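I have placed the structure first, in the form of structure tokens, so that the comments after it can refer back to it.
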Amino acid sequence: MKEILDRYGILFIVDEVQSGFGRTGKLFAIEHYGVEPDIMVLAKGIADGFPLSACIARAEIADAFQPGEHLSTFGGNPVSCAAALANIEVMLEEDLPGQAARKGEQVLAQLRELASEHELIGDVRGIGLMIGIELVTDRRTKQPAAKQAAALRAYCREHGVLVGVGGQEGNVVRIQPPLTISWEELERALVVLADGLRTVRAS
């Protein structure tokens, strides 16, 4: 795709708002694909909860902006900027992207084992600690199981584990834990998830 965009002079803009800062096992998700974007949009993980976002561009693109064309009345908060610097320093010192890669591999392996036991799981996909479990009522037709996804989310919440539900049909259970989650916490979450699948299947 990048080759086609370059051929026609179209900018390649990457949204790393959710996937950036270690979530996928590398500092930025785009690094998995060996492609350099023209513009990258960042937020969320950049300052670990403090309000901050960033738009990074290649020099020749950034230099094309005129004063006032790209600004925010909320921009440049010194506390958020200090939080981002400290956050990135800790992230690199403690190798949180590497930890996310290793933990994500383990979680994906265990979820794929669960998929072999539960027809409700149509697909398990993800990278690092950005994982989705697609629930279906029929694996052959891939009929979305949105009600079951909502029920599984509710079960997990009642048992102390927070998961999201997304996807176009509302049938993808989203697992995106903190990058600092311990192995013990991950194991506990997977036990709750497995129990929830059994409960939802039986209901």
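The values are calculated or read from the model by the stated rules, or taken from the named source; none is laboratory data. Bear in mind the structure is a predicted one, so any value in this text is a computation, not a measurement. Cβ atoms come from the backbone with ideal geometry, glycine included; neighbour counts cover every protein chain shown.
Please list, ordered by first then second residue, the pairs with beta carbon atoms under 8 Å, 6 or more apart or interchain, first in segment 141-163 and without any contact (Cβ under 8 Å) to a residue 12 or more places away in the chain, second surrounded by 14 or more Cβ atoms within 10 Å (Cβ to Cβ) and assigned to a helix (DSSP H, G or I).
Leu162/Cys156
Take Leu186 and decide whether it is of a type outside the set (D, E, K, R), touching a residue at least 60 places away in the same chain (Cβ under 8 Å) and either surrounded by 15 or more Cβ atoms within 10 Å (Cβ to Cβ) or in a loop (DSSP other than H, G, I, E, B) (or both).
Yes: the conditions hold for Leu186.
Need a quick list: helices (runs of 4 or more DSSP H) entirely within segment 57-176 having at least 1 residues that are within 30 Å of Ile39 (Cα to Cα) and in contact with a helix residue (DSSP H, G or I) (Cβ under 7 Å, 6 or more places away or on another chain).
Correct list: 78-93, 96-117.
Check Leu42, Leu92 and return the single one that is of a type in the set (A, V, I, L, M), under 16 Å from the mean Cα position of the chain (by Cα) and over 28 Å from Val192 (Cα atoms).
When all the criteria are applied, what remains is Leu42.
Just for segment 45-56: of the residues that are of a type outside the set (Val, Ile, Thr) and outside any strand (DSSP E or B), which one is nearest to Leu129 (Cα to Cα)?
Per the stated criteria, the residue is Gly45.
Filtering segment 125-176 down to residues that are hydroxyl-bearing (Ser, Thr, Tyr) and out of contact with any Pro (no Cβ under 8 Å at 6 or more places or on another chain), which residue is surrounded by the fewest Cβ atoms within 10 Å (Cβ to Cβ)?
Applying the filter and picking the extreme gives Thr141.
May I ask you to verify whether Glu94 is exposed (fewer than 13 other Cβ atoms within 10 Å of the Cβ) and under 21 Å from Leu186 (Cβ atoms)?
Judged against the criteria, Glu94 is not a match.
Taking the stated definitions as given, is Val172 under 14 Å from the mean Cα position of the chain (by Cα) and either at pLDDT 95 or above or among the charged types (D, E, K, R) (or both)?
In short, yes.
Tell me which of these Thr180 doesn't satisfy, since it passes every other one: (1) more than 26 Å from Ala43 (Cβ to Cβ); (2) touching a residue at least 40 places away in the same chain (Cβ under 8 Å); (3) outside any helix (DSSP H, G or I); (4) of a type in the set (Ser, Thr, Tyr).
Only one criterion in (1) more than 26 Å from Ala43 (Cβ to Cβ); (2) touching a residue at least 40 places away in the same chain (Cβ under 8 Å); (3) outside any helix (DSSP H, G or I); (4) of a type in the set (Ser, Thr, Tyr) is unmet by Thr180, namely (1).
Report whether or not Asn87 is closer than 22 Å to Cys55 by Cα, at pLDDT 95 or above and of a type in the set (S, T, N, Q).
Criteria met by Asn87.
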